[in-house]
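Reviewing the structure listed below.
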Amino acid sequence: MLLHESRSEARVDDDGDIILLEEQNRSLCKQPLIDEGIKLVQESLNSKQFIFYTSQAAFSAVQTQSVNSAQIDGDQIIALYQVLINNEPLWNKP
């Protein structure tokens, strides 16, 4: 949630309409929230006991670390998808 909140001002215009990722002004993002969110995601991934929301947060972390949408690290996105594909999701366990 921190990572989503960090981009809240960049995600909507003055009329409340959604701004597409590639058109968002990254200078409006709140860096302290990004830093804290990324730290929490890293801790969760390192624990290897993460849940569904951790993978969502990890995708957000990759997006927030880029200067603009063209510089989103595609290798990290692919690696995250590989984790989702190759591992049994913890959220499906009884």
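Using a Gaussian network model of the chain in which every pair of alpha carbons under 10 angstrom is joined by a spring, one finds that among ASP73, ASP15, ASP35 the greatest mean-square fluctuation is at ASP15.
The sum of -39500 (n - 2.57) across all DSSP H runs of n ≥ 4, divided by the residue count of the chain, sets its helix-only mean residue ellipticity at 222 nm to -17000 deg cm²/dmol. The charge dipole of segment 2-92, taken about the Cα centre with unit charges on the Cβ atoms of Lys, Arg (+1) and Asp, Glu (-1), comes to about 400 debye, rounded to the nearest 20.
Between ILE38, ILE18, ILE51, the GNM of the chain built on Cα springs shorter than 10 angstrom shows ILE18 fluctuating the most.
Among the trypsin sites (Lys or Arg not before Pro) within the chain, those in coil by DSSP and having at most 14 neighbouring Cβ atoms inside 10 Å are LYS48.
The numbers here are math on the coordinates, done by the rules we state, and not lab data. If you're wondering where the values come from, they're calculated on a predicted model, not measured in any experiment. Backbone-built Cβ (ideal geometry, glycine too); neighbour counts: all protein chains shown.
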